[in-house]
Structures are given as C-alpha cells and as structure tokens.
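The values are calculated or read from the model by the stated rules, or taken from the named source; none is laboratory data. Source: prediction; values computed, not measured. FYI the Cβ positions are ideal-geometry reconstructions off the backbone, even for glycines, and counts take in every protein chain you see. Heavy atoms of the whole protein, side chains included, go into the accessibility calculation; ligands, DNA and RNA do not. Shrake-Rupley method; radii C 1.70, N 1.55, O 1.52, S 1.80 Å.
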Amino acid sequence: MSDEAPYAGLTPDLVLDAVAACGLWPDGRLLALNSYENRVWQVGIEDAAPVIAKFYRPARWSDEAIGEEHAFAQELMDAELPVVAPLRFGGHSLLQHGGYRYALSPRHGGRAPSLESREQLEWLGRLIARIHSVGARTPFGHRGRLDRATMVLGPVQAVLDSSLLPGTLAGHYRAASTRLDDAIARRLDAVGPVHTLRLHGDCHPGNVLWTDAGPHFVDLDDARAGPAVQDLWMLANDEAAMRALLDGYTTMRDFDHTELALVPVLRAMRQLHHAGWIAQRWHDPAFPLAFPFAAEPRWWEQHIADLHELADDLE
C-alpha cells in the first residue's frame, strides 16, 4: 500500500482471505458498501449470515484509538443499546491481514429513519440519551476532541495546500475561512465551557438504520469527545424536530440547553471539515470519482460564498 493509493492492494481475494483467516468460510459473495474513508464489504458466509468487513484507512487512527472505538461499541451493547460492535477472534476485534487492519461485524440491515415522525424522533432522543449516559462514564484517551484544531484549522490548511483550490480563489478562500473561524471562536467564547463526553460523533440519518423492531446505530468511526448536542443536530431538520428529539432525550438524561447555541458552530465546522477532507484525500482514486465537482472552480466559488453565509449566521 502507499499514501497515494492506500487501498491499491485491497483486492477481492485479499478481503476473502482476511475473513477466512478468522475461521469463517466465505462463499465468494462480496458487496462493496458505501464508504470512502475506509473500505467496507458485505461478505457472504457458508451456511451463516453475512458479515461486514471494515478495512481501516492506514495511518488515520492509531491501534489504541481503534481499540477505544471497539471498546465503546461493546460497552454500549453491554448496556443493551442497539449498537453494532465488532466480533472478536482469539480475544481480538482489531485484526491484521496483508498489511491492512480490519474488523468484522454482524450484518444488521434497515432503512433510514423518518425524520418527520415525532414518534421516531423521540425514540431516537431516548436512545441517544442512553448512549450519552454510557459515554459520560469515562473519557477517551486516544480519540481526540471535536474542536477547532480538528474541524477547522487542519481542514483549512489541507485546502490551502491542495491543488484543488484554484490559485485565483486562494485569497478569497483564506479570507472567508478566517472570517468564519473568528466567528466560531467568538461564539464558543460566548457560550463558555460545556460538558463533553464520549459521542457517536457522526450521528446523521445514514448511520441510523430502522427495522420493525426499531432503530440501531452503526459506524462509530468518528467517535470522539464533544458536547451532547453534536449527536442530535444532524437528525433535526428544524426546530420542531429538535424539540421532539429533546423531549425524548430529557426523559432519560438532563440536557444543557445552552448547547443549542453551538449548533451553528457545529454546522459550520462540518462544512469546513468536509472540504478539507476531500482535499486531503484527493490522492485516493475513489475521491475524484465520488466528488468530481471538487475539481471545478465553480464549486469552490460556491463553497466560499457558503462560508460567508455561515459567518453571517454566527455574527
């Protein structure tokens, strides 16, 4: 593998061999699932349910940080929460094969939640509160925090260092991102210190799967420390939806309503981070195919305009 093409050696045969190395018997059926940061496959197993094989992007997380992700998922499962945790083989959930780190999990299908349903939003709010009650027990030691360094400063530098940003727009992007970062910093200062805890971290509708039995949460790959509202705002399309989430949440756990003032900050951070993520990963052949618009100047022009609009919301 190489930094320029980190998954070049991840062939279907290697995926099957990695699963077989765990003592399972792949039947040859492979289905690539939608994932860009990592590579994720559904693998058919002889006379058993399929498993999900997740191959971690090299150098993104340390082994210790991945171990914390797995331990958190298992802790949530032990608390009888609907979270999918990796399987263990020989006492280990983080495995290695052919130079890649990977994990296997049971397959749990489902559909997206209905974010227009008050009943489903309240249900999600209760479950997220229970996740946070577990998350508040102990801190992460290796997974970092949801902060400006991670979500703003690093991504902005990645964009400025990238050939994706047209040279004619570099000054405009620098001015817009600096303005937005200043607005973010002022809002954070105005809100003041808030309690942080272990979070799902990326709790958007695509990471919640609904079945007739109810919802379950998947993909703790972005788990880190941050404020509770981070796991709520991406599920709330409007104020009424946030009220429904909080009505469910507060039946199980207290919520500091001053955190609602952080929602525009978190939204702005996510937009900055997304552009930086694409720029940083552009050498991965999957990214130009998935995000071809990022190679067009007009996309960066719109992104710069969006940053100014986000700053207007915060100022």
### Message
Just to be sure before I move on: is Asp256 among the acidic types (Asp, Glu) and touching a residue at least 60 places away in the same chain (Cβ under 8 Å) in the structure I sent?
### Response
yes
### Task
Confirm whether Asp219 is among the acidic types (Asp, Glu) and open to solvent by 50 Å² or more (accessible area, probe 1.4 Å).
yes
### Task
Looking at (1) over 28 Å from Ala73 (Cα atoms); (2) open to solvent by 10 Å² or more (accessible area, probe 1.4 Å); (3) among the acidic types (Asp, Glu), find the lone condition where Asp256 falls short.
(1)
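Yes/no per residue for (1) out of contact with any Lys or Arg (no Cβ under 7 Å at 6 or more places or on another chain); (2) small (Gly, Ala, Ser); (3) free of Cβ contacts under 8 Å to residues at least 60 places away in the same chain; (4) closer than 22 Å to Leu307 by Cβ:
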| position | (1), (2), (3), (4) |
| --- | --- |
| Leu235 | yes, no, no, no |
| Ala241 | yes, yes, no, no |
| Ala244 | no, yes, no, no |
| Asp247 | yes, no, no, no |
| Leu272 | yes, no, no, yes |
### Message
If His108 satisfies all but one of (1) closer than 30 Å to Pro50 by Cα; (2) not in a loop (DSSP other than H, G, I, E, B), what's the number of the condition it fails?
### Response
(2)
### Message
List the residue pairs whose Cβ atoms are under 7 Å apart, where the first residue sits in segment 40-68 and is within 15 Å of Asp17 (Cα to Cα) and assigned to a loop (DSSP other than H, G, I, E, B), the second is hydroxyl-bearing (Ser, Thr, Tyr) and modelled with pLDDT under 95, and the two are 6 or more positions apart or on different chains.
### Response
none
### Query
If you check Leu165 against the conditions, is it within 21 Å of the chain's Cα centre (by Cα), among the hydrophobic types (A, V, I, L, M, F, W, C) and either open to solvent by 10 Å² or more (accessible area, probe 1.4 Å) or closer than 19 Å to Gln74 by Cα (or both)?
no
### Query
Has segment 299-312 got any residue that is touching a residue at least 60 places away in the same chain (Cβ under 8 Å) and within 22 Å of Pro227 (Cα to Cα)?
yes
#### Entry: Every residue from segment 135-144 that is surrounded by fewer than 18 Cβ atoms within 10 Å (Cβ to Cβ) and modelled with pLDDT of 95 or more
Ala136, Arg137, Thr138, Pro139, Gly141, His142
### Message
Looking only at segment 182-214, count every residue that is in a strand (DSSP E or B) and either among the hydroxyl-bearing types (Ser, Thr, Tyr) or surrounded by fewer than 18 Cβ atoms within 10 Å (Cβ to Cβ) (or both) and tell me the total.
### Response
2
### Query
Can you name the residue in segment 284-298 that is in contact (Cβ under 8 Å) with a residue 12 or more places away in the chain and part of a helix (DSSP H, G or I) and, of all such residues, is nearest to Ser163 (Cα to Cα)?
Ala295
### Query
open to solvent by 40 Å² or more (accessible area, probe 1.4 Å), assigned to a loop (DSSP other than H, G, I, E, B) and either touching a residue at least 12 places away in the same chain (Cβ under 8 Å) or among the acidic types (Asp, Glu) (or both): does that describe Tyr7?
no
## Note on the structure
Expected single match for surrounded by fewer than 18 Cβ atoms within 10 Å (Cβ to Cβ), modelled with pLDDT of 95 or more and within 26 Å of Val40 (Cβ to Cβ) among Gly154, Gly109 is Gly154
## Note on the structure
Of (1) at pLDDT 95 or above; (2) over 19 Å from the mean Cα position of the chain (by Cα), Glu116 satisfies every one except (1)
### Task
Please go through segment 141-157 and pick out each residue that is in a helix (DSSP H, G or I) and farther than 23 Å from Leu188 by Cα.
none
### Task
Quick one: which residue in Gln230, Gln271 is outside any loop (DSSP other than H, G, I, E, B), open to solvent by 50 Å² or more (accessible area, probe 1.4 Å), of a type in the set (S, T, N, Q) and within 27 Å of Asp312 (Cα to Cα)?
Gln271
### Query
How about segment 168-196: which of its residues are more than 24 Å from Trp299 (Cβ to Cβ) and either touching a Gly at 6+ places or on another chain (Cβ under 8 Å) or hydrophobic (A, V, I, L, M, F, W, C) (or both)?
Ala185, Leu188, Ala190, Val191, Val194, Thr196
